[in-house]
1. Counting only DSSP beta bridges with both residues in region 123-242, tell me the antiparallel percent, nearest 5.
2. Assuming R0 = 22 Å, what is the FRET efficiency of Arg128 and Glu166, from their Cβ-Cβ distance, to the nearest 0.05?
3. Report the Rg/Rh value for region 251-415, based on alpha-carbon coordinates and the Kirkwood definition of Rh.
4. So what J values fall out for region 355-372 if you push phi through Karplus, 6.51 cos²θ - 1.76 cosθ + 1.60 with θ = phi - 60°, rounded to Hz, Gly and Pro as x?
5. Along region 332-342, what does the Karplus equation 6.51 cos²θ - 1.76 cosθ + 1.60 (θ = phi - 60°) give for ³J(HN,Hα), rounded to whole Hz, x for Gly and Pro?
6. Over all distinct Cα pairs, what is the inverse of the mean 1/r for region 125-215, reported as the Kirkwood hydrodynamic radius in Å?
7. What distance in nm lies between label points placed 7 Å from Cα along the C-beta direction at Arg404 and Arg148?
8. What percent does the relative contact order of region 362-436 come to when contacts are Cα pairs within less than 8 Å and at least six residues apart?
Amino acid sequence: MRLVDAFIPTIGRDFLLEPSIPAREVRGRNWRLNTCASARRRHWKPRWNASALQNGSGSALSVEFVVAADVGGTNSRLSLFPRPSLHSPSSLSGGLEPVASVKYKNDDYKSFDEVVDTFLLTCSDSLRVLPSRKSIVMACFAVAGVVRDNSITFTNRADWVVDGYEMRRAFGFPCVLLNDFAANGYAVTSLQKHEYTTLQPGSNADPHGVIAVVGAGTGLGECFVVPFSTSQDAPSPSARRYGVFGSEGGHVDFAPQTDLELKMVQWMQARLRERLEKPEIVNPHVSVERVVSGKGVFNVYRFLRAEFPERVDLECDEKIMQSSDPGAMITRLAPAYGLAVQSLEIVLSAYGSEVGNVALKYVPTGGLFIAGGIAPALLRMLPDQLVNPESRFRVAMVSKGRMRDLVQSLPVHVITADDLGVRGALVYAVQLLFERTDSKMPEKSPR
């Protein structure tokens, strides 16, 4: 078995190689017209790029398409791309422009199939950039959650069961599901230098080395990326392919570094014990994600307001406690509110420490990329907290005892591009198409 075969997802090669299944008529024509009309009311204004469908002389090209999507719990962003060259999947570097891109509010739709159907109708009937659904060769959906057998049920939307096999039967083209943080891993392989900020260039950088990705947002995600081939041994000069390996690294134990953090862990354990209603569990598990995430910022603030009630600013506290996104509110109030500042200091120290842990686990000479919503927001609002080598984040990142020099030798970057979900889905889809058509894959181990 070739090495790359081991990394084709559980959908298997038969899913990609079987003859195309004709699309069944899911809904009547009247419904389709009504949906197209209602779509204009219910989603954000679509973006489209007619120039992506033209050649150098300005005439239209006959192209095949790939649908790539980022499907979250609240919104779904779908984009339609011309199929990139199969001989150079890494030509996606710098971002391939979609011919159409639409963002939908999930609450407006009964199912994800309806979202996809609405998007395809918008592309064909309203924007007129999709001549036929038969011209779509692949769809890849980056979804927030665990993908099992090419299917997922959203935890916050029990009625949304997204099944790639059923969608293929409904729409007539292969539909592949991909975990959203794994999509971040694939997206990293297409980034250009202007799409990330370098915190540490690293003296041990290797463009063919392992890549690691860690990102705090709603939760804390981690994965690592291994190249299947280098530019020297790939079938074409720039055709590099990658395997992304997910993990649950965000759920490892949080390790307190100070007396105050130890008190915080004990406070969190007491809250968890109450919630679990299992007093026999003396020391409930407190993960890094309980601290290093948007929710974690709020957890830390709640501990501090309980520990130091005399330092609570009632006006600021009310804004935080009533906010729909308390973590973001704490960040906004931080410059002027002491407990908010201290909350961020604890979170940033823990975040930096975990980034250093990821560096030790994978030794990512190809780059350690920090994704998620927190780091880019800090770069905009409090850049010194990340860029300054003396900041809490940076000090905690390299404070690894005898391994300090190793961590300091690795390149570390903060991703500033905001389309990782869609881009990662596109990169993965194109790589699967490459695998389907390529019979001369070199049988070499990853570097």
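1. 70
2. Working: r = 28 Å, r/R0 = 1.28.
The calculated FRET efficiency here is 0.20.
3. 0.98
4. 4, x, 4, 4, 4, 6, 5, 10, 6, x, 5, x, x, 10, 9, 9, 10, x
5. Karplus values, whole Hz, x for Gly and Pro: 5, 7, 3, x, 10, 10, x, 5, 5, 4, 5.
6. Numbers: mean 1/r = 0.0611 Å⁻¹.
When all Cα pairs of region 125-215 are included, the Kirkwood radius is 16.4 Å.
7. The modelled label-to-label distance comes out at 4.6 nm.
8. 38
Values in this text are rule-based calculations from the coordinates and carry no lab data. Source: prediction; values computed, not measured. For neighbour counting, all protein chains shown are included, and Cβ atoms are generated from backbone atoms with ideal geometry for every residue, glycine included.
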